[in-house]
Amino acid sequence: MIPSVLPTYNRAPLAFESGEGAWLTATDGRRYLDFGSGIAVNALGHAHPELVRVLTEQAGKLWHVSNVYTVPEQERLAEALTAASFADTVFFTNSGTEAMELAVKMARKHFSAAGTPEKMRILSFEGAFHGRSSAAIAAAPTEKMAGGFGPLLPGFTPLPFLDLGRVEAELAAGDVAAILVEPVQGEGGIRAVADHDLRELRRLAGEAGALLIFDEVQCGMGRTGRLFAHEWAGVTPDIMMVAKGIGGGFPLGAVLATVEAASGMTAGTHGSTYGGNPLGCAIGAKVMEIVSDPAFLGTVRARSGRLRQGLEGLVAQHPDLFEAVRGTGLILGLKCKGAPGEIVAAGYGAGILTVAASDNVVRLLPPLTITEAEVDEALTRLEAAASTVEDAMQASEGAQG
């Protein structure tokens, strides 16, 4: 027998019926502090009143017409994104995976249209996660993601994490279309690329005549305390993927690009049935309005500082469990000495939701609207979860002794 829902997820034994702000209420009535945010999706928390209002108003007018026609809501969101970023143009998708597919197509089409189709290889990095499509797993071919799905698509060269010497050597071959990198790896274990390394990647790509693609699906839209994570390094990409937080919970993604990078994308070269629908773009425009506000971003940075300080204390108090705090802004991680799943599971008992990542890391991705009191409450619950795991370890050691 197989369940009616394809069993591709190892689901936690929890189901939720409602949410408000940073809190979720389970079907048994218990409340949980949500420090997963749907894996960085619910940037403004659950049931944000402004998003509910915009969704309700737009739902009463128009949901979908297709890209056969002009979509005013789409144009408004695109104008807001280009005004606030490096980009000249935007294509809307429904997810980060779809954005990844277009980013790769756009980079290759750029060189093909320019008369150099041999420049088609994409350089990526170990530990990356760019989605689960055929192209995405070819760019980050771990056994977990790519095992059993071969043959993998050609044209991708994964490199050791931030091995700039290898990057330079690969670029010298003359067939590289783009370098693809997450400014902060999410699934890979909350590994932030140093500002000087992002600047070096920008320099290397420019000198080699290759494009630079930033994947900000998880780390963008205010999560680092700037609208986009790369702003901290003072560099800009040629192409950028965003999703997750841009829709505040509604399926929405986008590819942002310079006019030069997008020069090959003419009518008919790409499309999407649902991408950029009026409902999603109306919600996205409201998210963008809120998240791009400098005062809002200042609050994100302040909450981040408070949370990080508390996490550093948690690591110091439980040296047998934790090694370090990783990340920046409100995309933080606890590097564990053992399996992160134990901390995540203990968190359920303590009433806090977190997300496991690679490299033995527990991801902490609270809504950007988190309050000081909720940060403090989260730290209390994480302390309780850590103590539970520690007590279990000690009991196990005692039984073995």
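Go through the range 145-159 residue by residue and tally those that are surrounded by 12 or more Cβ atoms within 10 Å (Cβ to Cβ) and more than 20 Å from the chain's Cα centre (by Cα). Break it down into steps so the answer makes sense when it comes.
First pass over the range 145-159, keeping only residues surrounded by 12 or more Cβ atoms within 10 Å (Cβ to Cβ): 145-146, 149, 152-153, 155-159.
From the residues that got through so far, the ones that are more than 20 Å from the chain's Cα centre (by Cα) too are 149, 152-153, 155-157, 159.
Summing the residues that are surrounded by 12 or more Cβ atoms within 10 Å (Cβ to Cβ) and more than 20 Å from the chain's Cα centre (by Cα) in the range 145-159 gives 7.
Which pairs turn up if I take residues in the range 377-393 that are in the same structural domain as Gln317 (by TED's automatic domain parsing) and under 14 Å from Val315 (Cβ atoms) and look for partners that are surrounded by fewer than 16 Cβ atoms within 10 Å (Cβ to Cβ) and among the hydrophobic types (A, V, I, L, M, F, W, C) with beta carbon separation below 9 Å, at least 6 apart in sequence or on another chain?
Within 9 Å, no pair qualifies.
Working only within the range 217-242, note down all residues that are touching a residue at least 60 places away in the same chain (Cβ under 8 Å), crowded, with 24+ Cβ neighbours inside 10 Å and in a helix (DSSP H, G or I).
The one that is touching a residue at least 60 places away in the same chain (Cβ under 8 Å), crowded, with 24+ Cβ neighbours inside 10 Å and in a helix (DSSP H, G or I): Ala229.
So, in the range 161-198, how many residues would count as being crowded, with 22+ Cβ neighbours inside 10 Å, of a type in the set (Lys, Arg) and in a helix (DSSP H, G or I)?
The total comes to 0.
Looking at Leu307, is it over 28 Å from Val325 (Cβ atoms) and crowded, with 18+ Cβ neighbours inside 10 Å?
Details: over 28 Å from Val325 (Cβ atoms): no; crowded, with 18+ Cβ neighbours inside 10 Å: yes.
Criteria not met by Leu307.
Of the residues Glu377, Glu323, which single one is in a helix (DSSP H, G or I) and acidic (Asp, Glu)?
Values: Glu323 fails: in a helix (DSSP H, G or I).
Residue meeting the stated conditions: Glu377.
In the range 353-363, is there at least one residue being in a helix (DSSP H, G or I) and under 22 Å from the mean Cα position of the chain (by Cα)? Outline the logic, then answer.
Going residue by residue through the range 353-363, those that are in a helix (DSSP H, G or I) are none.
Taking every residue of the range 353-363 in turn, none turns out to be in a helix (DSSP H, G or I) and under 22 Å from the mean Cα position of the chain (by Cα).
Considering Thr89, Thr27, Thr82, Thr93, which residue is polar (S, T, N, Q) and either closer than 27 Å to Ala346 by Cα or without any contact (Cβ under 8 Å) to a residue 24 or more places away in the chain (or both)?
On the way: Thr89 fails: either closer than 27 Å to Ala346 by Cα or without any contact (Cβ under 8 Å) to a residue 24 or more places away in the chain (or both); Thr82 fails: either closer than 27 Å to Ala346 by Cα or without any contact (Cβ under 8 Å) to a residue 24 or more places away in the chain (or both); Thr93 fails: either closer than 27 Å to Ala346 by Cα or without any contact (Cβ under 8 Å) to a residue 24 or more places away in the chain (or both).
The conditions single out Thr27.
Looking at (1) more than 18 Å from the chain's Cα centre (by Cα); (2) farther than 20 Å from Ala178 by Cβ, which one does Thr89 not meet, given that it meets all the others?
Here Thr89 meets the rest and fails (2).
Just to verify a result, which residue in the range 4-28, among those that are surrounded by 11 or more Cβ atoms within 10 Å (Cβ to Cβ) and aromatic (Phe, Trp, Tyr), is nearest to Lys144 (Cα to Cα)?
Among them, the one singled out is Phe16.
Is the range 292-306 home to any residue that is in contact with a strand residue (DSSP E or B) (Cβ under 7 Å, 6 or more places away or on another chain) and modelled with pLDDT of 95 or more?
At the first step, the residues of the range 292-306 found to be in contact with a strand residue (DSSP E or B) (Cβ under 7 Å, 6 or more places away or on another chain) are none.
Among the residues of the range 292-306, not one is in contact with a strand residue (DSSP E or B) (Cβ under 7 Å, 6 or more places away or on another chain) and modelled with pLDDT of 95 or more, which makes the answer no.
In the list Glu312, Glu289, which residue meets the criterion of being among the charged types (D, E, K, R) and either touching a Lys or Arg at 6+ places or on another chain (Cβ under 6 Å) or free of Cβ contacts under 8 Å to residues at least 24 places away in the same chain (or both)?
Details: Glu289 fails: either touching a Lys or Arg at 6+ places or on another chain (Cβ under 6 Å) or free of Cβ contacts under 8 Å to residues at least 24 places away in the same chain (or both).
Just a single option satisfies the conditions, and that option is Glu312.
Hey, can you tell me all the residues within the range 77-116 that are of a type in the set (D, E, K, R) and within 16 Å of His270 (Cα to Cα)?
In the first step, residues of the range 77-116 are kept if they are of a type in the set (D, E, K, R); the result is 79, 88, 98, 101, 105, 108-109.
Those that are of a type in the set (D, E, K, R) and within 16 Å of His270 (Cα to Cα): Glu98, Glu101, Lys105, Arg108, Lys109.
Can you work out which of the residues in the range 315-338 that are surrounded by fewer than 13 Cβ atoms within 10 Å (Cβ to Cβ) and free of Cβ contacts under 8 Å to residues at least 24 places away in the same chain is nearest to Thr380 (Cα to Cα)?
Checked the range 315-338; the qualifying residue nearest to Thr380 (Cα to Cα) is Ala316.
Among the residues that make up the range 223-237, is at least one of them under 26 Å from Leu368 (Cβ atoms), of a type in the set (Gly, Ala, Ser) and either out of contact with any Pro (no Cβ under 8 Å at 6 or more places or on another chain) or in the same structural domain as Arg326 (by TED's automatic domain parsing) (or both)? Can you show your working first?
Within the range 223-237, the subset under 26 Å from Leu368 (Cβ atoms) is 223-237.
Narrowing the set further to residues that are of a type in the set (Gly, Ala, Ser) leaves 225, 229, 233-234.
From the residues that got through so far, the ones that are either out of contact with any Pro (no Cβ under 8 Å at 6 or more places or on another chain) or in the same structural domain as Arg326 (by TED's automatic domain parsing) (or both) too are 225, 234.
So far as the range 223-237 goes, yes, one or more of its residues are under 26 Å from Leu368 (Cβ atoms), of a type in the set (Gly, Ala, Ser) and either out of contact with any Pro (no Cβ under 8 Å at 6 or more places or on another chain) or in the same structural domain as Arg326 (by TED's automatic domain parsing) (or both).
Mind counting the residues in the range 243-261 that are surrounded by fewer than 24 Cβ atoms within 10 Å (Cβ to Cβ) and more than 24 Å from Ser37 (Cβ to Cβ)?
Going residue by residue through the range 243-261, those that are surrounded by fewer than 24 Cβ atoms within 10 Å (Cβ to Cβ) are 249-251, 258-260.
Imposing the further condition that a residue be more than 24 Å from Ser37 (Cβ to Cβ) reduces the set to 258-260.
Of the residues in that region, 3 qualify.
The values are calculated or read from the model by the stated rules, or taken from the named source; none is laboratory data. Given the structure is predicted, the values throughout are model-derived calculations rather than measurements. Methodologically, a virtual Cβ is constructed for each residue, glycine included, from the backbone with ideal geometry; neighbour enumeration extends over all protein chains shown.
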